[in-house]
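Would you mind keeping the following structure in view while I ask a few things?
The values are calculated or read from the model by the stated rules, or taken from the named source; none is laboratory data. In this text the structure is predicted, and so the values were computed from the model without any measurement. Note that we place each Cβ from the backbone using ideal geometry, even for glycine, and neighbour counts take in every protein chain shown. For the accessible areas, the whole protein counts, side chains as well, though only heavy atoms, and no ligand, DNA or RNA atoms are used. Shrake-Rupley method; radii C 1.70, N 1.55, O 1.52, S 1.80 Å.
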Amino acid sequence: DDEDDEDDEDDEDDEDEEFFNIGKESVDRISRCAAKVEAFPLLLEGMKQAVSKLFQSGEWKQVVAGISTLSMIAEYVDDEATVSQMTNGIKMQLAATNARVRYAAWGGIAQFSEDHADVLSSETWTSQLLPEFLKGLDDPCARVSLRCMEAFQHFGESVEREDLEPFIQPLMEKLGNKMQSSDVKLQKKAITFIAVIAGQVDDAFAPYYGHLMPVLKQVIQNTLHKTEERQLLGKCFECISLLARAVGRSGFRADAEQIMQAMIEATKIPNLPNNDPVKEYMMAASERICATLKEDFLPFVSHILPGVLEKFTLAPREFANQDEINDDDEVNLTMIRENGRMKVMIMYSSEIQDLKGALECVHTFVEELAAAYAPFVAQTAQALLPVFDFCMEDGIRDLAFETWGQLCRSARAGGQEQVVRELVMEFLKRVSPKFEAEKVDLAELKTSAEGVTACLREAGPNILHAEQLRHICRSTLAVTAESFKRRAEAAKGRPSHHDEDGDEHEDDDEEDEQAVRQAMCDVAGPLMQHHADLFVKESFPDYLNLVLQCLQPQAVKEDRKLALMVICDILEHLGQRVTSFWPQFVPKLVEDIHNPDPHLRQVACYGAFLAAKVPDFAPLALEVANGLSQVVTQSRQRSKKKSEKIAQACADNALSAIIEILTVHSQAVASIKAQLWQVWLGGLPCQEDDSEGERNHKKLLELIQQEKPEVVGEGGQNVPKLFGVLVDVYKTDMTDEETSKGIGLFALRLGESKLEGFAAQFSEKQRKKLLRIVREAQAGKA
């Protein structure tokens, strides 16, 4: 009887699960549709009431439904306050008595960590959630504990080092016990958890290296020849590569050869399945180890590279009737026309992933080893050529073209000028005909243009002669003109009323056309950069005509943005060579500093920064500076929403322009100079645009070191606050390596007494980070 009851319960659970999944899909679909027509805020109010009732019911199925609803709508929620409110509701369910509720709650934490990493990684939330992870690891239900560990993979990747450091020891104690378990699934999750911690805290993880490395080596030894444990083996390699980064080159050097040999051996095990996970983990781990060891990695390249380059031969094949595809196999299909016949091409998803991983691996090797990779350039280039025609996924071609550009850079750094020229000519020979093909393939046109841009940018100067430059410009401008023509013809044939599906399809087509036009115009950037005089003589008038056409009053927003992007290239690379033409387009750029559309406003602010570098900008400086001040002030007053990030990026670009004006055109803005300094300092730190962050924070450090009166204030009163900004951005994406090193050296020069005074005004997190800055600076000087 008990067995019959259990069978009935299982059937009922299966049915409930089916309804549950249908419900989740419906919530997602409704939310997506509402978001498209900007009606989601209205829908959200109704959802809040429904979820509140589900939570209040106390019945586990309803509570799980409530958690799942919040998870499904998370990506559409815009404001930080609502995200925090929803996260709090889910967090409370982590302590529920029912294991299924706790399981769902951890799933919700994972989803919110993915959709709102900036909110959940804030000090407010990390201080609340990290203790919950400690509890979750000890959950009496093994399934819930595993779900907690899975959630950390999403959450932990965004947590800042200072927030995570106090929890490393208690977390590692619990994870160490799980590593000793005979449960392979538990071991895998524990290794991934450890890898995330190591990846976030870098050298703070070094104390655990000595204890953990022998354990991981033992796992490798036990699983190296067990095909059923390949996932666990791959996870070990991933974790070790992150440990290597944590202890640095000197700390890992002693273990490097043994680990690399194990990785190479692991890929040579016979009869491995197509979707063997170790290959992917091995290539990603090799990337990290290469980035850690730098030139010390060079001896391993000749052993690893052949196996990686072999992946470049992976390609779609024609589907035949006798082909058998298992239910478990994930495959990609595409159709191509060849010799008047349609062919169905097939490729396993695991093969595409292997190819992508191999490209990323080689890209990292070339980037990290630079000139040292030069001996392998010819071998790599030859292997890379077949990937140029990959038809299954545009991203693969993109990566292949970008990697080719990196090969050009490596060859140039290695003094192989003739090799660079050969690489460029081979690339143009293979890609340029696509611009003149009768059949229009928008995705192929876009990736081909982006490839030309990458190749020419990395190849450097003195590569092209006049006829080659002229041909590139004419062919890319011709593709741009054809795209405009297709848009005009489509508009003529479009009825005044048509169905929504048709609208959506046409919108997608036009987005693809816009991307092609932008990619074609971007090719001009490296031509201006490396062949400025030749470009002005041969092709500048053609691009000026395009710009003026796209700036006409009747031009659509997308065309105006295209013009602004070309103007930015002109300002950056041609400088004073074309200032006589400025009156035709610079005033239009200045207008758009006030454009209500933030996408146009951002480009205009960046353009102002570039123009301000040129002395001829002086007559415009005062007007532009006033406009930029408004952009910064108004943007920084906006509420914290996902949708406002672009506005903050505009302000970041405006800050770069303001400091450039203050530096180059101080006399021209003398009447508002004090106000401009106040706006610039008040707008820091930069919030969204990493490039502008690097630029502005480097300048801030420089001006503090120079004791610029307008910056440090009377008696240095501004320094503690501004140094706090530098502490916050230290070793983040908002500073480059040189600036972070400079922040450390500046901290040492300030001395212990001043630092203690500054620290008294800092938050607890800033004080912890300051201690790390000083410690790392002292170690760097030792």
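All but one of (1) crowded, with 18+ Cβ neighbours inside 10 Å; (2) among the acidic types (Asp, Glu); (3) farther than 19 Å from Gln648 by Cβ hold for Glu694; which doesn't?
(3)
Taking segment 120-141, which residues are open to solvent by 10 Å² or more (accessible area, probe 1.4 Å) and of a type in the set (A, V, I, L, M)? Working first, answer last.
The initial filter retains those residues of segment 120-141 that are open to solvent by 10 Å² or more (accessible area, probe 1.4 Å), namely 121-125, 127-128, 131-132, 134-135, 138-141.
Correct list: Leu134 only.
If only one of Glu173, Glu150, Glu162 is open to solvent by less than 30 Å² (accessible area, probe 1.4 Å), of a type in the set (D, E, K, R) and part of a helix (DSSP H, G or I), which one is it?
Values: Glu173 fails: open to solvent by less than 30 Å² (accessible area, probe 1.4 Å); Glu150 fails: open to solvent by less than 30 Å² (accessible area, probe 1.4 Å).
The conditions single out Glu162.
State which residue pairs qualify: first residue of a type in the set (Gly, Ala, Ser) and inside segment 343-365, second residue assigned to a strand (DSSP E or B) and open to solvent by less than 10 Å² (accessible area, probe 1.4 Å) in any location, beta carbons under 9 Å apart, and separation of 6 or more residues or different chains.
none
Follow-up question, since we're still on this one. Taking Val479 as meeting all but one of (1) at pLDDT below 95; (2) among the aliphatic types (A, V, I, L, M); (3) closer than 30 Å to Phe312 by Cβ; (4) more than 27 Å from the chain's Cα centre (by Cα), write down the number of the exception.
(1)
Of a type outside the set (A, V, I, L, M, F, W, C) and crowded, with 22+ Cβ neighbours inside 10 Å, is that true of Thr403? Steps first, please.
Values: of a type outside the set (A, V, I, L, M, F, W, C): yes; crowded, with 22+ Cβ neighbours inside 10 Å: yes.
When the stated conditions are applied, Thr403 passes them.
Related question: Within segment 415-424, is even one residue open to solvent by 50 Å² or more (accessible area, probe 1.4 Å), outside any helix (DSSP H, G or I) and either modelled with pLDDT of 95 or more or under 26 Å from Thr334 (Cα atoms) (or both)? Break it down stepwise before answering.
Within segment 415-424, the subset open to solvent by 50 Å² or more (accessible area, probe 1.4 Å) is 415-418, 421-422.
Going one step further and asking which of them are outside any helix (DSSP H, G or I), we end up with 415-416.
Filter once more, keeping what is either modelled with pLDDT of 95 or more or under 26 Å from Thr334 (Cα atoms) (or both): none.
Looking through segment 415-424, none of the residues is open to solvent by 50 Å² or more (accessible area, probe 1.4 Å), outside any helix (DSSP H, G or I) and either modelled with pLDDT of 95 or more or under 26 Å from Thr334 (Cα atoms) (or both).
Pairs, please: C-beta under 6 Å, at least 6 apart or cross-chain, first residue surrounded by fewer than 16 Cβ atoms within 10 Å (Cβ to Cβ) and in segment 255-279, second small (Gly, Ala, Ser)?
Asn274/Ser350
So for segment 436-457 (the condition being farther than 21 Å from Ala515 by Cα and touching a His at 6+ places or on another chain (Cβ under 8 Å)), does at least one residue qualify?
Step one: filter segment 436-457 for residues farther than 21 Å from Ala515 by Cα, giving none.
The answer is no; no qualifying residue exists.
Sticking with this structure for a sec: Please find, within segment 165-222, the residue that is nearest to the chain's Cα centre (by Cα) out of those that are more than 15 Å from Ser241 (Cα to Cα) and of a type in the set (Asp, Glu).
For segment 165-222, the residue satisfying everything is Glu165.
Which condition from (1) open to solvent by 30 Å² or more (accessible area, probe 1.4 Å); (2) under 27 Å from Glu513 (Cβ atoms) is the one that Asp592 breaks?
Only one criterion is unmet by Asp592, namely (1).
Yes or no, residue by residue, for (1) open to solvent by 60 Å² or more (accessible area, probe 1.4 Å); (2) assigned to a helix (DSSP H, G or I); (3) more than 16 Å from Met565 (Cα to Cα):
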| site | (1), (2), (3) |
| --- | --- |
| Leu600 | no, yes, no |
| Lys613 | yes, no, yes |
| Val631 | no, yes, yes |
| Gln634 | yes, yes, yes |
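Within segment 72-98, count every residue that is open to solvent by less than 40 Å² (accessible area, probe 1.4 Å), closer than 16 Å to Ala151 by Cβ and touching an Asp or Glu at 6+ places or on another chain (Cβ under 9 Å).
2
Taking the condition of being outside any helix (DSSP H, G or I) and either of a type in the set (S, T, N, Q) or over 17 Å from Phe19 (Cβ atoms) (or both), how many residues in segment 33-70 meet it?
Let us first name the residues in segment 33-70 that are outside any helix (DSSP H, G or I), namely 37-39, 58-59.
This time we only want the ones that are either of a type in the set (S, T, N, Q) or over 17 Å from Phe19 (Cβ atoms) (or both), so: 37-39, 58.
So the count comes out to 4.
Please verify whether Val101 is open to solvent by less than 40 Å² (accessible area, probe 1.4 Å), touching a helix residue (DSSP H, G or I) at 6+ places or on another chain (Cβ under 6 Å) and either closer than 23 Å to Glu764 by Cβ or outside any helix (DSSP H, G or I) (or both), treating the condition exactly as stated. Walk me through how you get there before you give the answer.
Details: open to solvent by less than 40 Å² (accessible area, probe 1.4 Å): yes; touching a helix residue (DSSP H, G or I) at 6+ places or on another chain (Cβ under 6 Å): yes; either closer than 23 Å to Glu764 by Cβ or outside any helix (DSSP H, G or I) (or both): no.
No.
Sticking with this one: If you check Asn653, Asn626, which single one turns out to be buried (at least 24 other Cβ atoms within 10 Å of the Cβ), in a helix (DSSP H, G or I) and without any contact (Cβ under 8 Å) to a residue 60 or more places away in the chain?
Details: Asn626 fails: buried (at least 24 other Cβ atoms within 10 Å of the Cβ).
After applying the criteria, what remains is Asn653.
Residues checked against (1) open to solvent by 30 Å² or more (accessible area, probe 1.4 Å); (2) under 29 Å from the mean Cα position of the chain (by Cα):
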{"position": "Asp733", "(1), (2)": "yes, yes"}
{"position": "Asp736", "(1), (2)": "yes, yes"}
{"position": "Arg749", "(1), (2)": "yes, no"}
{"position": "Lys754", "(1), (2)": "yes, no"}
{"position": "Ala759", "(1), (2)": "no, no"}
{"position": "Phe762", "(1), (2)": "no, no"}
{"position": "Leu770", "(1), (2)": "no, yes"}
{"position": "Ile773", "(1), (2)": "no, yes"}
{"position": "Ala777", "(1), (2)": "no, yes"}
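Let me ask you something else. Test Thr739 against the stated conditions and say whether it is in a loop (DSSP other than H, G, I, E, B), in contact (Cβ under 8 Å) with a residue 12 or more places away in the chain and of a type in the set (Ser, Thr, Tyr).
On the way: in a loop (DSSP other than H, G, I, E, B): no; in contact (Cβ under 8 Å) with a residue 12 or more places away in the chain: yes; of a type in the set (Ser, Thr, Tyr): yes.
Answer is no for this residue.
Please find, among Val664, Val712, the residue that is of a type in the set (Val, Ile, Thr) and without any contact (Cβ under 8 Å) to a residue 24 or more places away in the chain. Write out each step before concluding.
Values: Val664 fails: without any contact (Cβ under 8 Å) to a residue 24 or more places away in the chain.
Matching residue, one of Val664, Val712: Val712.
Restricting to segment 14-42, name every residue that is open to solvent by 50 Å² or more (accessible area, probe 1.4 Å), touching a residue at least 12 places away in the same chain (Cβ under 8 Å) and among the hydrophobic types (A, V, I, L, M, F, W, C).
Passing the criteria: Phe20, Ile30.
Next question, about the same structure. Could you say whether any residue in segment 182-204 is part of a helix (DSSP H, G or I) and without any contact (Cβ under 8 Å) to a residue 12 or more places away in the chain?
From segment 182-204, those part of a helix (DSSP H, G or I) are 184-204; that's our starting set.
So of that shortlist, the ones also without any contact (Cβ under 8 Å) to a residue 12 or more places away in the chain come out as none.
No, segment 182-204 contains no residue that is part of a helix (DSSP H, G or I) and without any contact (Cβ under 8 Å) to a residue 12 or more places away in the chain.
Continuing with this model, one more query. How many residues are assigned to a helix (DSSP H, G or I) and open to solvent by 10 Å² or more (accessible area, probe 1.4 Å) when one looks only at segment 536-558?
From segment 536-558, those assigned to a helix (DSSP H, G or I) are 536-538, 540-550, 557-558; that's our starting set.
Checking the rest, the ones that are also open to solvent by 10 Å² or more (accessible area, probe 1.4 Å) come to 536-538, 541-542, 544-546, 548-549, 557-558.
The total comes to 12.
Under 7 Å between Cβ atoms, at least 6 apart or on separate chains: pull out the pairs that start in segment 218-239 with a residue that is touching a residue at least 12 places away in the same chain (Cβ under 8 Å) and end on any residue that is open to solvent by 10 Å² or more (accessible area, probe 1.4 Å) and of a type in the set (Gly, Ala, Ser).
Ile220/Ala262; Leu224/Ala262; Glu238/Ala284
For segment 433-456, state whether one or more residues are under 29 Å from the mean Cα position of the chain (by Cα) and part of a loop (DSSP other than H, G, I, E, B).
Yes, segment 433-456 has at least one match.
Could you please let me know if Leu216 is under 13 Å from Phe365 (Cβ atoms) and open to solvent by less than 40 Å² (accessible area, probe 1.4 Å)?
Values: under 13 Å from Phe365 (Cβ atoms): no; open to solvent by less than 40 Å² (accessible area, probe 1.4 Å): yes.
Judged against the criteria, Leu216 is not a match.
Oh, and also: Name the pairs: first residue in segment 286-315 and on the phi > 0 side of the Ramachandran plot and at pLDDT below 95, second residue open to solvent by 70 Å² or more (accessible area, probe 1.4 Å) and part of a helix (DSSP H, G or I), Cβ to Cβ under 7 Å, at least 6 apart or on different chains?
Cβ pairs passing all conditions: Lys294/Arg249.
Among the candidates Asp508, Asp533, which residue alone is assigned to a helix (DSSP H, G or I) and without any contact (Cβ under 8 Å) to a residue 12 or more places away in the chain?
On the way: Asp533 fails: without any contact (Cβ under 8 Å) to a residue 12 or more places away in the chain.
Just one listed residue meets the conditions, Asp508.
While we're looking at this one, here's another question. Within segment 704-715, identify whether any single residue is part of a helix (DSSP H, G or I), under 30 Å from Gln778 (Cβ atoms) and open to solvent by 20 Å² or more (accessible area, probe 1.4 Å), and answer yes or no.
Of all residues in segment 704-715, those part of a helix (DSSP H, G or I) come to 704-705, 709-712, 714-715.
Okay, now just the ones that are also under 30 Å from Gln778 (Cβ atoms), so 704-705, 711-712, 715.
Among the residues that remain, those that are also open to solvent by 20 Å² or more (accessible area, probe 1.4 Å) are: 705, 715.
Yes; the residues of segment 704-715 include at least one that is part of a helix (DSSP H, G or I), under 30 Å from Gln778 (Cβ atoms) and open to solvent by 20 Å² or more (accessible area, probe 1.4 Å).
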